[in-house]
Each structure stands twice: as C-alpha cells, then as structure tokens.
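Undergrad: The structure follows.
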C-alpha cells in the first residue's frame, strides 16, 4: 500500500472518531450559577490554505459540552497534573496512546523549554498526518477537553500551532 493511501485511511478514521456526534447548537447564554471559564484554547500559526470539511465537522463536535464529553470518552482521555501545562500534556499523551488511529497519526508529545524565551511548550511529533491538519485536530481535542471541564479552571491561553518539527502548544 502506498503512503498516500495509508494517509487517506488514517485521516478517514480520525474524521469518523471526531465527528460521531449529533452536533447541537451552542447555548445562547450561560445557565445561572455557572462560572464563566477564564482560560481558552486558540489557533496559532498554521500556514495558509483552506480548511478541510473534516476539520470543520470536528470543530462542530468539540463545541458542545455533550459532544465534547462523548469525544473525550471515545478517545480514552485521562487527565492528570495540577498545572494547565501538565493537564494539557496528559490529555495529548492519553489521546495518542488511547486508540490505534491516533497512534498511527501522532508519534509522541513532550514538554520542552523554548530556548529563546524559556517558556514551557509542548511539542507533538507527527507520523502520518501533516502538521497543519494535526494542529487543527489537536486544537479541537483540547477545545473538547476545555468544554467538558477536564482542564479545570486556568487563566492562560493555550495556543496550538505548527512548528518546525510538528505541532507546538504554547501557554500565554
């Protein structure tokens, strides 16, 4: 089997996992008594070009609390740690190791220090997905973790982008 055929099979499987929910419109206002979330997950630099329909569908699923919770269960996400950096790293690592299609798409995730700023960042190495598509999917996974309250309360912005060696997650 050639590489492009394998990539298409893996992308199809990732798409099925990320879009297996009935998308529901987000509520217009928060319920009384609920705390407003202070942190957020944003998209960093990923380059130019269109966004695949599969990525749009994954975004729709991650945008609702019900879809987010179901996605986290299907990806077998486990959260550990006390800081937002530790929690995000545990989400990414458990996602990669949770199901076969993610193991075929992503290689590893590691916490490193940015040499220029000294900030902690997470670098995710790719296998069969290109870094741009991988960054979009990781952003939706982290958005789902945020929307299903797995990340708890935090006051930093979690930015997902493309770096020299794959996906880079920064904390601002």
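Undergrad: On the basis of being over 15 Å from the mean Cα position of the chain (by Cα), closer than 13 Å to residue 14 by Cα and either crowded, with 18+ Cβ neighbours inside 10 Å or at pLDDT 90 or above (or both), does residue 128 make the cut?
TA: Judged against the criteria, residue 128 is a match.
Undergrad: Restricting attention to the stretch 152-167, which residues are in contact with a strand residue (DSSP E or B) (Cβ under 8 Å, 6 or more places away or on another chain), on the phi < 0 side of the Ramachandran plot and surrounded by fewer than 22 Cβ atoms within 10 Å (Cβ to Cβ)?
TA: Filtering the stretch 152-167 for residues in contact with a strand residue (DSSP E or B) (Cβ under 8 Å, 6 or more places away or on another chain) gives 156-163, 165-167.
Of the ones still in play, those that are also on the phi < 0 side of the Ramachandran plot are 156-163, 165, 167.
Scanning the stretch 152-167 gives 156, 157, 159, 161, 162, 163, 165.
Undergrad: Okay, next question. Within the set of pairs 6+ apart or on separate chains, which have a first residue in the stretch 121-134 that is part of a helix (DSSP H, G or I), a second that is buried (at least 22 other Cβ atoms within 10 Å of the Cβ) and modelled with pLDDT of 90 or more, and C-beta atoms under 6 Å apart?
TA: Every condition considered, the pairs that remain are 131/167; 134/167.
Undergrad: Moving on. Name the single residue, out of those in the stretch 115-125 being surrounded by fewer than 19 Cβ atoms within 10 Å (Cβ to Cβ) and within 16 Å of the chain's Cα centre (by Cα), that is farthest from residue 6 (Cα to Cα).
TA: So in the stretch 115-125, the residues surrounded by fewer than 19 Cβ atoms within 10 Å (Cβ to Cβ) come out as 115-121, 123, 125.
Add one more test, that the residue is within 16 Å of the chain's Cα centre (by Cα), and what stays is 121, 123, 125.
Numbers: 121: 30, 123: 24, 125: 18 Å.
The qualifying residue farthest from residue 6 (Cα to Cα) is 121.
Undergrad: Looking at 45, 23, 65, which one is surrounded by 14 or more Cβ atoms within 10 Å (Cβ to Cβ) and at pLDDT below 65?
TA: On the way: 45 fails: surrounded by 14 or more Cβ atoms within 10 Å (Cβ to Cβ); 65 fails: at pLDDT below 65.
Selected residue: 23, the only one of 45, 23, 65 that is surrounded by 14 or more Cβ atoms within 10 Å (Cβ to Cβ) and at pLDDT below 65.
Undergrad: Assess whether residue 67 counts as being outside any helix (DSSP H, G or I), over 27 Å from residue 3 (Cα atoms) and more than 13 Å from the chain's Cα centre (by Cα).
TA: In short, no.
Undergrad: All but one of (1) more than 18 Å from residue 167 (Cα to Cα); (2) surrounded by 19 or more Cβ atoms within 10 Å (Cβ to Cβ) hold for residue 149; state the number of the condition that does not hold.
TA: (2)
Undergrad: Can you confirm whether the stretch 145-164 contains a residue that is modelled with pLDDT under 90, under 14 Å from the mean Cα position of the chain (by Cα), assigned to a helix (DSSP H, G or I) and within 28 Å of residue 5 (Cβ to Cβ)?
TA: No: zero hits.
Undergrad: Here's another thing I want to ask about it. Quick check, is residue 99 modelled with pLDDT of 70 or more and crowded, with 18+ Cβ neighbours inside 10 Å?
TA: no
The values are calculated or read from the model by the stated rules, or taken from the named source; none is laboratory data. Keep in mind that what you see is a predicted model, and the values were worked out from it rather than measured. Reconstructed Cβ throughout: ideal geometry from the backbone, glycine too, with neighbour counts over all protein chains shown.
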